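A short write-up of the structure that comes next.
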Amino acid sequence: MSMEQALVEARLAAERGEVPVGCVIVKDGVVIAAAGNRTLADRDPTAHAEILAIRQASGALQSERLIDCDLYVTLEPCAMCAAAISFARIRRLYFGAADQKGGAVENGPRFFSQPTCHHAPEVYGGIGETEAARLLKDFFEARRPAGVK
């Protein structure tokens, strides 16, 4: 259910013209934060769904530590978001589509496997992968000039 809520946030982001990535944070079975990408709307390169959701959850819990919280996101986190997840002490990370170009969990720098990583969440990839990947594919195809693959 939580990944479905993240997918709703991704769809809302796409409707705003943002890259369709959505995120929710859950504690004790309750969604305490939900966000979609807002880099364009906020004119902020750090306004990724995960960062925005972590900020919301930290405010809701009045703590910089999100211990016992689980994060669901539709796309494999980038290095910036992986670092924020680590610093927030997120318990579990569930992500949808892998990101071979910008991902930093199972691809690229594999942030949580580095010796300098202070906290690594349990990681579960491929949750809702088909729908998450389709949202991204459709979004980018609609923005390509005709005939370009």
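The values are calculated or read from the model by the stated rules, or taken from the named source; none is laboratory data. If you're wondering where the values come from, they're calculated on a predicted model, not measured in any experiment. So basically every Cβ, Gly included, is an ideal-geometry build from the backbone, and we count neighbours across all protein chains shown. Ligands, DNA and RNA are stripped out before the accessible areas are found, and what is left, the full protein with its side chains, is counted by its heavy atoms. Shrake-Rupley method; radii C 1.70, N 1.55, O 1.52, S 1.80 Å.
Would you calculate the separation in nanometres between label points at E131 and S63, each defined as 7 Å from the Cα along the Cα-to-beta-carbon direction? That separation, rounded to one decimal, is 3.0 nm. Shape descriptor for region 93-141: Rg over Rh equals 1.05 (Cα atoms; Rh from the Kirkwood inverse mean 1/r). Split the accessible area of the chain by element, probe 1.4 Å, and carbon with sulfur accounts for 53%.
List the trypsin sites (Lys or Arg not before Pro) within region 92-137 that DSSP assigns to loop and that have no more than 13 neighbouring Cβ atoms inside 10 Å. Qualifying residues, ordered by number: K101. Highest mobility in the GNM of the chain, judged by mean-square fluctuation with C-alpha springs under 10 Å and restricted to G108, G36, G128, is found for G108.
Would you list D28, D99 from the most to the least accessible area, probe 1.4 Å?
Values: D28 125, D99 35 Å².
The most accessible residue leads, giving D28, D99.
For region 72-121, what does the alpha-carbon gyration tensor say about shape, rounded, prolate or oblate, given a ≥ b ≥ c as the root eigenvalues, a/c under 1.5 as rounded, and a/b over b/c as prolate? Note, shape of region 72-121 comes out oblate. When D138, D70 are compared by accessible area at a 1.4 angstrom probe, the order from most to least is D138, D70. Each residue, M80 and V8, gets one label point 7 Å from its Cα in the Cβ direction; the gap between the two is 2.7 nm.
Working out 0.36 nm times the residue gap between R55 and K101, then minus their Cα-Cα distance, what length gain in nm do you get to one decimal?
On the way: separation 46, 0.36 × 46 = 16.56 nm, distance 2.55 nm.
Here the answer is 14.0 nm.
Scaled against 2.2 N^0.38 Å for its residue count N, the alpha carbon radius of gyration of region 1-87 is 0.98. Residues within the reach of a label modelled at A41 (point 7 angstrom out along Cα to beta-carbon, backbone nitrogen below 16 Å), restricted to region 1-28, are 6-24. For region 40-108, the orientation-averaged shadow of the C-alpha convex hull comes to 4.7 nm² (one quarter of the hull surface). When E18, E9 are compared by accessible area of protein heavy atoms, the largest-first order is E9, E18, using a 1.4 Å probe.
For region 87-138 versus region 1-74, the inter-centroid distance based on Cα atoms is 14 Å.
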